[in-house]
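First up is the structure itself, then whatever we jot down about it.
The values are calculated or read from the model by the stated rules, or taken from the named source; none is laboratory data. Please read these numbers as outputs of a predicted model, since none were measured by experiment. With ideal geometry, Cβ positions are generated from the backbone for all residues, glycine too; neighbour counts draw on all protein chains shown.
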Amino acid sequence: MSILNATIGEELIPLVKPPITQEQLQRYAEASGDYNPIHLDEEAAHRVGLDSVIAQGMLSMAFLGQFINQRISDIPEVYLTRFKVRFSNMVRLEDTITCHGKIKARTTENEGYEFVTIECWAQNQKGEKVTVGEAVVSIPLTLKEEVKA
């Protein structure tokens, strides 16, 4: 389903990410400079009563970004205007994350673009939302006209 012709309320094809691994957390730490052992080591986290929620939560945010980008990357001249995300629940190493989204709104302004608002969320295998967000994608009206022709 392309966002070019999706209607308000229509759901986008989900993106499933396999369980987060310790190796992914290590790569995240190296990329971000976050070497706090509580964020990387499940045993260290449990000793202080935490799960390694920060690094894994950041990965769930990145997965949502990947979900949105996969929906627009092959459409020329379409770009992400705004993307807001927030955590809503714990993410654990064994969680399989599935990213979902649906078209929330479509607006046209005098700037020559249609703005598509996508409500998106990542949920674990239990169906609990772990990260929620909203993306606004800009589509040139000239591109919309080409698709209709």
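Key figures
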{"read-out": "Checking Ile13 against (1) under 17 Å from the mean Cα position of the chain (by Cα); (2) exposed (fewer than 13 other Cβ atoms within 10 Å of the Cβ); (3) among the hydrophobic types (A, V, I, L, M, F, W, C); (4) at pLDDT below 90, the condition it does not meet", "value": "(4)"}
{"read-out": "Condition met for Ser52 (touching a His at 6+ places or on another chain (Cβ under 6 Å), closer than 23 Å to Gln125 by Cβ and modelled with pLDDT under 90)", "value": "yes"}
{"read-out": "Enumeration of residues in the range 95-140 that are exposed (fewer than 13 other Cβ atoms within 10 Å of the Cβ), at pLDDT below 90 and at negative phi", "value": "Thr108, Glu109, Asn110, Glu111"}
{"read-out": "Asp74, sole failed condition from (1) touching a strand residue (DSSP E or B) at 6+ places or on another chain (Cβ under 9 Å); (2) outside any helix (DSSP H, G or I); (3) among the charged types (D, E, K, R); (4) under 26 Å from Gly9 (Cβ atoms)", "value": "(1)"}
{"read-out": "Check on Phe67, modelled with pLDDT under 90, in contact with a strand residue (DSSP E or B) (Cβ under 6 Å, 6 or more places away or on another chain) and either under 30 Å from Gln22 (Cα atoms) or buried (at least 17 other Cβ atoms within 10 Å of the Cβ) (or both)", "value": "no"}
{"read-out": "Subset of the range 99-128 (residues that are free of Cβ contacts under 8 Å to residues at least 40 places away in the same chain, part of a strand (DSSP E or B) and under 20 Å from Val85 (Cα atoms))", "value": "Phe115, Thr117, Glu119, Gln123"}
